[in-house]
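S.K.: Below are the structure tokens for one structure; questions will follow.
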Amino acid sequence: MSEQSPRPRKPGKPYRRPQKDPVRFLAFEALRAVDERDAYANLVLPPLLRKAREKGDFDTRDAALATELVYGTLRRQGTYDAIIASCVDRPLREVDPPVLDVLSLGVHQLLGTRIPTHAAVSASVELARVVLGDGRAKFVNAVLRKVAQDDLDTWVQKVAPPYDDDPEDNLAIVHSHPRWVVSALWDSLGGGRAGIEDLLEADNERPEVTLVARPGRSTTEELLREEAAVPGRWSPYAVRLSEGGEPGAVAAVKEGRAGVQDEGSQLVALALANAPLDGPDEKWLDGCAGPGGKAALLAAVAAERGATLLASEKLPHRAVLVAKALVGNPGPYQVITADGTRPPWRPGSFDRVLMDVPCTGLGALRRRPESRWRRRPEDLEGFAPLQRDLLRTALESVRVGGVVGYATCSPHLAETRAVVDDILKQYPATELIDARPLLPDVSALGPGPDVQLWPHLHGTDAMYLALIRRTG
């Protein structure tokens, strides 16, 4: 018998077809895409919401709830898995993934929102009836009723080991990060319980949307006229949209004159643009330009100074995104599709080079919470040779007296200082520039000369930047 077929009815108990709740069904669809296709929620969710609005199924409140259900469930997945595991009589790996998604959505409603208990349980069971069938809906009902007996703090005390017994495992469950990520972030911070807890908490907060006013095409004054807009904290081109602000509704964003860009990314680009160098300042390179946010800002600043930017990207579809971001730039530029480890340009061709290398993305866990569960420690080994090759290319592409910016959206020491230290040993005719003065008014930048930004200290992604001058 199929799950859609009516079950045999008991006398006096008519069969009731399950009612489809558009909000929870959409949240379930998004979680299945993340799980089945390794999709990212920030790419999957917007088109689903747009389609729901076009059909008339959603209003603004529905969209906000669906977004909270998806991102909240993904952020707290580790904590919720530990709670669910204590309520079922089998290992979680033996629970069908769709069932686990429905359970996780239900647990988030019970423990992570203000939705009343009876509504959270009944809505989740109804979703289970729609997508899983009546039999497994009973299982969902039984588990969620167990979960509903305690609040989140009580559950965490039950399922997490005491901090003094196992600090990393405690933090991993309490703050919903894989243990190896907790360990790596702790090492990067340099120890101390308060700092790591603040960082892990910041990773679980919903980030504000930050816009960039591309020079010569838009201004912060224009963007600040938008509803819910407030000035950025650090970048002179940044404007933040407070909760509820929709970047797609901003005219300058729709027209490409402004973009959505984390303030950390803006600061990295601007620090390179403002780094002191010797000699001419006419040719700039973005050697890993996709998807184009830093390239668009660099190209605009370059145009103001009479310089030109070459934006190079290996993957064709990402090169298309770079070209789109640069359309309308006030000065000359060029976008090419090229492998940065085998560059088509001659050595020593550029005055400034930005190499924002591929990485694990551990610095953007606020925006892509699912990536914390996908990454493995062995991924570092896969990125390491590429990161070193790209930094070599950057140092060989810049002229003597020019400056290279090595950047990555990861605070992991294996992707930041270890790479820079290794390569500079091979290139003795170089020197590190103190990057801190090039991020004016930004506090808590550490001992230098490189810079590590942090979500809990700066409200940005955890971007890393080392500035290197070629001296010979």
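The values are calculated or read from the model by the stated rules, or taken from the named source; none is laboratory data. From a predicted model like this one, the values you see are computed outputs, not experimental measurements. Neighbour counts run over all protein chains shown; Cβ positions are idealised from the backbone, glycine included. In case anyone asks, the SASA skips ligands and DNA or RNA and just uses the protein heavy atoms, side chains included. Shrake-Rupley method; radii C 1.70, N 1.55, O 1.52, S 1.80 Å.
S.K.: Please go through the stretch 347-360 and pick out each residue that is open to solvent by less than 10 Å² (accessible area, probe 1.4 Å) and hydroxyl-bearing (Ser, Thr, Tyr).
M.R.: Residue satisfying the conditions is Thr360 alone.
S.K.: So in the stretch 86-113, with the set limited to residues that are in contact (Cβ under 8 Å) with a residue 60 or more places away in the chain and open to solvent by 30 Å² or more (accessible area, probe 1.4 Å), which one is farthest from Asp169 (Cα to Cα)?
M.R.: It comes out as Pro98.
S.K.: Now, a different point. Of all residues in the stretch 114-147, which are open to solvent by 30 Å² or more (accessible area, probe 1.4 Å), under 32 Å from the mean Cα position of the chain (by Cα) and within 24 Å of His175 (Cα to Cα)?
M.R.: Scanning the stretch 114-147 gives Arg114, Ile115, Pro116, Thr117.
S.K.: Which ones in the stretch 67-111 are of a type in the set (A, V, I, L, M) and either modelled with pLDDT under 95 or more than 19 Å from Asn204 (Cβ to Cβ) (or both)?
M.R.: Within the stretch 67-111, Ala85, Val88, Leu92, Val95, Val99, Leu100, Val102, Leu103 meet the criteria.
S.K.: Scan the stretch 363-373 and give yes if some residue there is aromatic (Phe, Trp, Tyr) and out of contact with any Pro (no Cβ under 9 Å at 6 or more places or on another chain), otherwise no.
M.R.: Taking every residue of the stretch 363-373 in turn, none turns out to be aromatic (Phe, Trp, Tyr) and out of contact with any Pro (no Cβ under 9 Å at 6 or more places or on another chain).
So that you can scan it fast, the table gives a plain yes or no per residue for (1) over 20 Å from Arg374 (Cβ atoms); (2) touching a residue at least 60 places away in the same chain (Cβ under 8 Å); (3) open to solvent by less than 50 Å² (accessible area, probe 1.4 Å); (4) out of contact with any helix residue (DSSP H, G or I) (no Cβ under 6 Å at 6 or more places or on another chain):
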| site | (1), (2), (3), (4) |
| --- | --- |
| Pro162 | yes, no, no, yes |
| Pro167 | yes, no, yes, yes |
| Ala172 | no, yes, yes, no |
| Trp180 | no, yes, no, yes |
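S.K.: For Glu29, indicate whether it is of a type outside the set (A, V, I, L, M), closer than 15 Å to Pro98 by Cβ, part of a helix (DSSP H, G or I) and open to solvent by 60 Å² or more (accessible area, probe 1.4 Å).
M.R.: yes
S.K.: Give all pairs with beta carbons closer than 6 Å in which a residue from the stretch 223-250 that is within 23 Å of Ala273 (Cα to Cα) meets a residue that is assigned to a helix (DSSP H, G or I) and of a type in the set (Asp, Glu); count only pairs at least 6 apart in sequence or on separate chains.
M.R.: Close Cβ pairs satisfying both conditions: Gly232/Glu263; Trp234/Glu263; Ser235/Glu263; Ala238/Glu263.
S.K.: Of the conditions (1) within 15 Å of Arg417 (Cα to Cα); (2) of a type outside the set (Val, Ile, Thr); (3) open to solvent by less than 20 Å² (accessible area, probe 1.4 Å); (4) in contact (Cβ under 8 Å) with a residue 40 or more places away in the chain, Gln387 fails just one. Which one is it?
M.R.: Every condition holds for Gln387 apart from (4).
S.K.: May I ask you to verify whether Asp150 is exposed (fewer than 14 other Cβ atoms within 10 Å of the Cβ) and in a loop (DSSP other than H, G, I, E, B)?
M.R.: no
S.K.: Can you tell me which residues in the stretch 209-228 are open to solvent by less than 20 Å² (accessible area, probe 1.4 Å) and among the small types (Gly, Ala, Ser)?
M.R.: Ala213, Ser218
S.K.: Still on this structure, I have one more. Taking the stretch 446-472 as the search range and keeping residues that are surrounded by fewer than 21 Cβ atoms within 10 Å (Cβ to Cβ) and out of contact with any Asp or Glu (no Cβ under 7 Å at 6 or more places or on another chain), which one is nearest to Asp351 (Cα to Cα)?
M.R.: Within the stretch 446-472, the match that is nearest to Asp351 (Cα to Cα) is Gly472.
S.K.: Residues that are open to solvent by less than 20 Å² (accessible area, probe 1.4 Å) and aliphatic (A, V, I, L, M): which strands (runs of 3 or more DSSP E) entirely in the stretch 241-346 hold 1 or more of them?
M.R.: Those strands (runs of 3 or more DSSP E) span 258-260, 283-286, 308-313.
S.K.: In this structure, is Gly401 touching a residue at least 60 places away in the same chain (Cβ under 8 Å), at positive phi and either surrounded by fewer than 23 Cβ atoms within 10 Å (Cβ to Cβ) or not in a loop (DSSP other than H, G, I, E, B) (or both)? Steps first, please.
M.R.: On the way: touching a residue at least 60 places away in the same chain (Cβ under 8 Å): yes; at positive phi: yes; either surrounded by fewer than 23 Cβ atoms within 10 Å (Cβ to Cβ) or not in a loop (DSSP other than H, G, I, E, B) (or both): yes.
Taking the combined requirement at face value, the residue satisfies it.
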